1. Please report, in whole Å, how far the alpha carbons of the range 20-86 spread along each principal axis, starting with the longest.
2. Could you give the size of the charge dipole of the chain about its Cα centre, using +1 on the Cβ of each K and R and -1 on the Cβ of each D and E, expressed in debye and rounded to the nearest 20?
3. Relative contact order (percent) for the chain, with alpha-carbon contacts under 8 angstrom and 6 or more residues of separation?
4. Which of Asp158, Asp124 comes first, and how do the rest follow, when ranked by fewest Cβ neighbours within 10 Å?
5. All other residues with a Cβ under 15 Å from the Cβ of Leu144 taken together, and with Lys, Arg as +1 and Asp, Glu as -1, what is their net charge?
6. Looking at Leu85, Gly31, Gly63, which one has the Cα that reaches farthest to the positive end of the dipole of the chain (charges on Cβ: Lys, Arg +1; Asp, Glu -1)?
7. Tell me what the chain gives for mean residue ellipticity at 222 nm when only DSSP H runs of n ≥ 4 count, each as -39,500 (n - 2.57), the sum divided by the residue total, rounded to 500 deg cm²/dmol.
8. What's the exposure ranking of Ser78, Ser127, Ser5, Ser42, going from fewest to most Cβ atoms within 10 Å?
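The numbers here are math on the coordinates, done by the rules we state, and not lab data. For clarity, every value in this text was computed on a predicted model and none was experimentally measured. Note that each Cβ is placed from the backbone with ideal geometry, even for glycine, and that neighbours are counted across all protein chains shown.
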Amino acid sequence: MNWRSERIWIELRAGSRKISNFCWAFILFLGSLGFLLVGISSYFGRNFLFLFPPQQIIFFPQGIVMSFYGIAGLFISSYLWCTILWNVGSGYDRFDIKEGIVCIFRWGFPGKNRRIFLRFLIKDIQSIRIELKEGIYTRRILYLEIRGQGAIPLTRTDENLTPREIEQKAAELAYFLRVPIEVF
């Protein structure tokens, strides 16, 4: 999802509307609904869920715990559905050599700071930084190092780029902006 010319480079960023997020939100919703129905069935002594008779689970303490897990799961599921609905994390990166400006835009959670918009001059960019951390929790992140503002991440931690892909992306961006590359 890129658009590039000699003077402008625009990269669109996907947000939380991913298939994996839809799957997790749906599975979590159904599971927590099942837990809640089991807890309610044990309280009323009626079978609201047709997998087993309600007499097998006593309300105190198993039914209360099942109800608690069901309610907690519904809250987490609603949070996931809201982030999908609001498409948190989506946006774009725009590098304009002609005007000498970099714009980074992301959508956040609703409120005063829903629109995250960073704008700075290309001459303030110190370098493109790559963070490579191998092991159990692999991290491969591309940063934009700005004077006076620190490092701004350009890629997500869950993008699963190979070391070759992230190095190629960093090299292309560094060549386009005419800045050095740092590896950490």
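1. 42, 20, 14
2. Numbers: 23 positive and 15 negative charges, 92 e Å.
About 440 debye.
3. Values: 307 pairs, mean separation 31.8, N = 184.
Once divided by the residue count of the chain, the mean separation gives 17 percent.
4. On the way: Asp158 8, Asp124 14.
Neighbour counts put them in this order, fewest first: Asp158, Asp124.
5. Working: positive: Arg13, Arg94, Arg106, Arg119, Lys123, Arg129, Arg147, Arg156, Lys169, Arg178; negative: Glu11, Asp93, Asp96, Asp124, Glu131, Glu145, Glu172, Glu182.
So the environment of Leu144 carries a net charge of +2.
6. The listed residue farthest towards the positive side: Leu85.
7. Numbers: 3 runs with 64 residues, N = 184.
Dividing the helical sum by the residues of the chain leaves -12000 deg cm²/dmol.
8. On the way: Ser78 14, Ser127 17, Ser5 9, Ser42 22.
Lowest to highest Cβ neighbour count: Ser5, Ser78, Ser127, Ser42.
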